[in-house]
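The values are calculated or read from the model by the stated rules, or taken from the named source; none is laboratory data. Computed from a predicted model, the values in this text were never measured in an experiment. Cβ sites come from the backbone with ideal geometry, for glycine too, and all protein chains shown count toward neighbours. Heavy atoms of the whole protein, side chains included, go into the accessibility calculation; ligands, DNA and RNA do not. Shrake-Rupley method; radii C 1.70, N 1.55, O 1.52, S 1.80 Å.
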Amino acid sequence: MAATNTPSSSSSSPSSSSSRPPPNVVCSPCAACKILRRRCTGTCLLAPYFPPTDPAKFTTAHRVFGASNIIKVLQWIDRGRKLDDVNVRIDKLAILDKIPKYLLAMYALLYYLSNENQIIEFAKSPREQQEDGHLTNILYPKSLIPSSGAAGQGCWKLYYGETTSRNGEKIQVAELKKTNRLDLKGSINMKKLRTGVAYEVVFVVKLKQGGCGWEHPVTLKLSVPGEGDKNRLVNLYEQPKEEWIELKVGHFIAAETGQAISFHLLQHGPHDKKGLVLKTAIVRPKS
């Protein structure tokens, strides 16, 4: 009996070993894990969105959102709701012909994080709030700073930390590092505004202690269709430092033209300048 039991015991060991599940790894890492140089497993949250055959997808999404934000959202959202909710959000957006669907999917995911008081800014369209029954439009730094050029986003440092006064949400601000050209521009279509209502436009900025190069005044320009340009000059050195101030661009009355008004904060002086922090531009009903 001992002789017959020994082979039986030894043969059962390989069988038990072969029944174990294989290690939870994949043969080819997803594009995200490959770029981030991390181990890609079969349960990787990033793999369904960034296949190894298209690394450009993750490169672009990483540049727009940041890998940590993408991972945080995918961990936060319940796995069973993820794809359905993303598809619903995508279907409701009217800009599918302008922005790749995978970026819209990431925007839809990041939308949920905003409910946790963490604002992740992707779209360049104004954010709207109600004020005295009228819409107030708030534009954030990414929509005001040129994407490239001597005054482009490479001259600015973007970071989170400031909060809105209404609900304590974190927003992104931009600090000018160094350039001899300041060229901020925003615009909004008057279709978004209440016809016949007077609106004013302001830039919300802060000059840090040690900010320099602002010997020449900045120009605040408002362009309204049919009314031409209205310019104002402001000397930043005459403004309080280390506190948020409103630079008033001008005011206008919204018309039914369907055209856009534009507003600018400019300074093309000969010297390099730095230390200006941009928070928002606001188009709001004039009090």
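Below are the figures for this structure:
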item	result
Test for Gly228: is it out of contact with any helix residue (DSSP H, G or I) (no Cβ under 9 Å at 6 or more places or on another chain), without any contact (Cβ under 8 Å) to a residue 12 or more places away in the chain and on the phi > 0 side of the Ramachandran plot	yes
Count - residues of region 250-270 that are part of a loop (DSSP other than H, G, I, E, B) and either surrounded by 21 or more Cβ atoms within 10 Å (Cβ to Cβ) or in contact with a strand residue (DSSP E or B) (Cβ under 8 Å, 6 or more places away or on another chain) (or both)	4
Close pairs from region 276-287: first under 16 Å from Ser262 (Cβ atoms), partner hydrophobic (A, V, I, L, M, F, W, C) and outside any strand (DSSP E or B), Cβ under 7 Å, at least 6 apart	Ala281/Leu144
Residue, nearest to the chain's Cα centre (by Cα), within region 173-201, restricted to residues that are open to solvent by 10 Å² or more (accessible area, probe 1.4 Å) and of a type in the set (Gly, Ala, Ser)	Ser187
Considering residues of region 49-69 that are outside any helix (DSSP H, G or I) and at pLDDT below 80 only, the residue farthest from Gly154 (Cα to Cα)	Tyr49
Every residue from region 1-48 that is in a helix (DSSP H, G or I), modelled with pLDDT of 80 or more and among the aliphatic types (A, V, I, L, M)	Ala31, Ala32, Ile35, Leu36
Matching residues, region 211-226, being over 15 Å from Leu182 (Cβ atoms) and surrounded by 13 or more Cβ atoms within 10 Å (Cβ to Cβ)	Leu222, Ser223, Val224, Pro225
Sole residue being of a type outside the set (A, V, I, L, M, F, W, C) and open to solvent by less than 60 Å² (accessible area, probe 1.4 Å), chosen from Lys208, Lys273	Lys273
Tally of residues being open to solvent by 30 Å² or more (accessible area, probe 1.4 Å) and assigned to a strand (DSSP E or B) across region 276-287	2
